[in-house]
Amino acid sequence: MSAVLSTPAPRAAASATAQDVAGAKRLLLAFWITGFCALLVGIAIGVLQGANYAGLNLYPYLEPFLKTYYQGLTLHGVLNAFVFTFFTISGWLIYLPSRELDLRPNLALGWFTYGLMLLGTLMAAYAMLDNSSSVLYTFYPPLKGSPWFYLGITLVVVASLVPLAVVLEMRARWKRAHPGQVTPLVTYMSASILLMWLLAALGAASEAVFLLDPWSLGMTSTINPLLARTLFWWTGHPIVYYWLMPGYISIYALLPRQAGGKLVSDPLARLAFLLLMVFSVPVGTHHQYTDPGISPVIKGVVTALTLSVAIPSLITAFTVALSLEYAGRRRGGKGLMGWWNALPWRDPSVAAQVLALVTFIFGGAGGIVNASWQLDNVVHNTLWIPAHFHLTVGTMTTLVFMGVSFWLLPHLTGRRLYSPRLALQGVWLWFIGLMLWGFAGHWAGLDGVPRRAWISALPHSQYMRLYGAVHPELILVGIGGVIAAVGAVFFFICFFGTLFGKRDEQAMRQIPFAEAIAKPDGSRLAQAAEHLGFWTVVTLIVTLAVYIPTLWPMIMHPIHAVGFRIW
Ligand code: HAS
Ligand code: CU
């Protein structure tokens with residue numbers, strides 16, 4: 001008897017214990033809360049930007065904290081686009097695979113990622129708050145910020161690569177225990193995002209390590225702005241898929257179940273992720289169609305490649321629409337569009353994600369316009385571009401993650417969602433606000449309103465005359481911003497209300513992993529997609545084929561510019 005008691009049945013070596021799960025939950029919670037706190041500050045400053053377009057200068061009221069419009073714009077961009085995304089995505093991409101595979105993630109590496117990212121964020125925040133680095137989120141040289149800013153950003157980027165090791169290690173452990181099987185979908189998606197990001201990050205990492213860091217530390221006296229910009233966009237384009245694809249994980253692998261249905265095709269989802277990986281890294285110079293020093297042949301090739309990157313999103317549009325239709329019909333929806341009304345619209349998590357998809361139809365269509373070299377000349381550097389990215393990253397990342405929070409926070413904390421009604425209202429306000437902002441911003445862009453303009457620097461009427469016309473749409477941009485901000489207030493009440501809310505064990509429901517109708521077993525597509533190492537090498541080759549001829553002349557005939565500080 002005692003022998004039996006002292007030798008408990010061996011636990012399957014691989015599976016996670018309750019303690020492992022609790023540890024993984026704590027890690028994700030830390031990432032999620034930190035990311036959303038950054039978003040809270042970023043959105044608050046966004047209201048100032050919206051008001052600025054409407055001709056209202058609120059900056060003097062914030063004088064002790066914010067000295068200039070450009071300081072505010074830098075904080076808004078860095079906090080929303082980098083800090084919010086990097087934290088939430090890093091936690092999300094470690095946690096979901098660990099639960100899907102039922103394995104313990106390497107928590108030490110997870111916390112190392114968190115600590116390094118936090119350190120980098122604090123360094124960059126210090127440099128932005130003391131107004132030494134109001135260089136905007138694109139930090140184009142020869143505008144020159146302080147070393148704290150560039151070193152901080154370098155640390156954040158380096159930290160964001162560590163989760164790749166965590167996910168690949170779990171995948172390898174799982175594959176050893178399941179020889180011959182394809183990787184489960186969410187883990188496959190997480191690994192492909194992080195591999196894509198590894199190649200993508202090479203550009204900004206080289207820009208930081210070889211150009212910006214030594215220059216800001218005084219080790220070099222001049223900088224090559226064209227080379228720096230090109231390396232920035234090497235990363236700056238695929239970063240948008242680093243923001244988008246974690247949202248797609250929820251849209252493909254969780255939303256169908258939340259909506260009451262199934263994912264129609266698992267292999268098609270893998271194909272979309274694979275194509276996003278291969279096509280997104282080589283096309284960064286589509287942000288530089290108007291830059292001199294890049295050959296028209298390269299710009300033409302990049303146009304074609306960029307248009308190809310829309311294909312996986314079109315695959316997504318049809319696969320996800322069909323999955324939602326399936327869910328709606330299962331819920332009793334009849335006729336051509338009855339399924340749409342039958343979706344669980346009262347569930348704030350579902351509503352957030354479906355509404356994000358609706359906005360992305362317009363954000364994506366705008367992207368296709370931007371991708372076309374000639375059309376981009378009309379909209380480049382106008383308000384069209386911020387309108388495009390508020391309808392993409394502001395929805396497919398931010399709104400999707402807001403929606404995810406409504407089940408994730410109860411799942412992580414065992415506390416009930418604070419006021420699902422307020423959450424739903426917040427979702428709709430964010431959607432309506434951003435749609436208004438987006439439409440008005442695209443319109444203003446077509447009228448020639450520049451994207452980064454401190455309108456209040458000139459009297460409003462004078463500014464309007466400067467750009468040839470009165471732009472009523474700028475008022476709509478301001479109103480859209482305020483509506484979205486009210487939605488954000490509702491969201492954050494629910495967010496913090498849940499964190500400090502009532503305990504409810506029922507709330508700790510399982511992650512809604514969806515079942516697929518077309519499964520990966522026996523699918524040749526899924527088998528081919530499984531070779532992630534091979535596809536990473538293919539992506540690297542395509543990327544180098546585009547970038548070697550792009551960068552070579554810039555390195556051979558360098559421009560030497562001294563730094564400027566104009567704020
Ligand atoms: Fe972009 C500029 C091209 C997607 C973000 N983009 C930006 C900038 C940002 C950004 C931040 O080629 C500004 C950077 C700066 O500061 O200068 N973009 C594209 C293209 C796509 C695209 C071709 N962008 C994104 C995504 C982003 C993002 C995603 C963030 C997450 N973008 C450009 C270009 C520029 C640019 C140029 C430079 C412009 C310039 O002049 O500076 C594509 O990936 C878009 C493909 C998407 C679709 C939409 C598919 C629709 C779906 C929804 C389906 C709906 C359903 C609901 C299922 C084709 C998936 C059911 C509904 C029913 C009604 C049934
Ligand atoms: Cu791009």
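The values are calculated or read from the model by the stated rules, or taken from the named source; none is laboratory data. Just so we're clear, the structure is a prediction, and the values are computed from it rather than from any experiment. Note that each Cβ is placed from the backbone with ideal geometry, even for glycine, and that neighbours are counted across all protein chains shown. What goes into the accessible areas is simple: the full protein's heavy atoms, side chains included, and nothing from ligands, DNA or RNA. Shrake-Rupley method; radii C 1.70, N 1.55, O 1.52, S 1.80 Å.
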When Thr74 is run through (1) closer than 17 Å to Ala125 by Cα; (2) surrounded by 21 or more Cβ atoms within 10 Å (Cβ to Cβ); (3) at pLDDT below 95, the failure sits at (3)
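Listed here are the residues, each with its yes/no results for (1) farther than 29 Å from Ala529 by Cα; (2) polar (S, T, N, Q).
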{"position": "Pro292", "(1), (2)": "yes, no"}
{"position": "Pro296", "(1), (2)": "yes, no"}
{"position": "Thr306", "(1), (2)": "no, yes"}
{"position": "Glu325", "(1), (2)": "no, no"}
{"position": "Ala352", "(1), (2)": "yes, no"}
{"position": "Leu355", "(1), (2)": "yes, no"}
Reported set for segment 255-264 where residues are more than 10 Å from ligand 1 (Cβ to nearest atom) and surrounded by 24 or more Cβ atoms within 10 Å (Cβ to Cβ) is Pro256, Ala259, Gly261, Leu263
In the set Ala201, Ala191, Ala172, the lone residue that is out of contact with any His (no Cβ under 9 Å at 6 or more places or on another chain) and open to solvent by 30 Å² or more (accessible area, probe 1.4 Å) is Ala172
Scanning segment 383-420 residue by residue, those out of contact with any His (no Cβ under 6 Å at 6 or more places or on another chain) and within 16 Å of ligand 2 (Cβ to nearest atom) turn out to be Ile385, Pro386, His388, Phe389, His390, Leu391, Thr392, Val393, Gly394, Met396, Thr397
Counting only residues that are crowded, with 19+ Cβ neighbours inside 10 Å, assigned to a helix (DSSP H, G or I) and hydrophobic (A, V, I, L, M, F, W, C), segment 206-237 contains a total of 11
Task: Residue match in segment 249-257 (condition: assigned to a helix (DSSP H, G or I), within 22 Å of Leu322 (Cβ to Cβ), at pLDDT 95 or above and touching a Lys or Arg at 6+ places or on another chain (Cβ under 9 Å)) - done: yes
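Inspect segment 543-555 for any residue being in a loop (DSSP other than H, G, I, E, B) and either modelled with pLDDT of 95 or more or open to solvent by 80 Å² or more (accessible area, probe 1.4 Å) (or both) and give the result as yes or no. Let's see the steps before the verdict.
The first filter runs over segment 543-555 and keeps only residues in a loop (DSSP other than H, G, I, E, B), leaving none.
Scanning segment 543-555 turns up no residue that is in a loop (DSSP other than H, G, I, E, B) and either modelled with pLDDT of 95 or more or open to solvent by 80 Å² or more (accessible area, probe 1.4 Å) (or both).
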Note: among Ser295, Ser250, just one is polar (S, T, N, Q), in contact (Cβ under 8 Å) with a residue 60 or more places away in the chain, open to solvent by less than 20 Å² (accessible area, probe 1.4 Å) and away from ligand 1 (no atom under 11 Å from the Cβ), namely Ser250
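Residues are listed down the side, and each one gets a yes or a no for (1) on the phi < 0 side of the Ramachandran plot; (2) within 12 Å of ligand 2 (Cβ to nearest atom); (3) at pLDDT 95 or above:
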| residue | (1), (2), (3) |
| --- | --- |
| Ser280 | yes, yes, no |
| Gly284 | yes, yes, yes |
| Tyr289 | yes, yes, yes |
| Ile294 | yes, no, yes |
| Lys299 | yes, no, yes |
| Val309 | yes, yes, no |
| Ile315 | yes, no, yes |
| Val320 | yes, no, yes |
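In this structure, does Val240 turn out to be open to solvent by less than 10 Å² (accessible area, probe 1.4 Å) and within 8 Å of ligand 1 (Cβ to nearest atom)?
On the way: open to solvent by less than 10 Å² (accessible area, probe 1.4 Å): no; within 8 Å of ligand 1 (Cβ to nearest atom): yes.
Answer is no for this residue.
For segment 202-216, check the following and say yes or no: at least one residue is free of Cβ contacts under 8 Å to residues at least 12 places away in the same chain and not hydrophobic (A, V, I, L, M, F, W, C).
Keep residues of segment 202-216 that are free of Cβ contacts under 8 Å to residues at least 12 places away in the same chain, which gives 210, 214.
Right, trim to not hydrophobic (A, V, I, L, M, F, W, C) and you get 214.
Within segment 202-216, one or more residues are free of Cβ contacts under 8 Å to residues at least 12 places away in the same chain and not hydrophobic (A, V, I, L, M, F, W, C).
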So, first residue open to solvent by 40 Å² or more (accessible area, probe 1.4 Å) in segment 314-343, second residue within 16 Å of ligand 2 (Cβ to nearest atom) and assigned to a helix (DSSP H, G or I), Cβ within less than 6 Å, six or more apart or across chains; the pairs are none
- prompt: In segment 274-287, is there at least one residue being open to solvent by less than 40 Å² (accessible area, probe 1.4 Å), over 23 Å from Ala191 (Cα atoms), within 13 Å of ligand 1 (Cβ to nearest atom) and assigned to a helix (DSSP H, G or I)?
  reply: yes
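So for segment 229-242 (the condition being away from ligand 2 (no atom under 16 Å from the Cβ) and basic (Lys, Arg)), does at least one residue qualify?
The answer is no; no qualifying residue exists.
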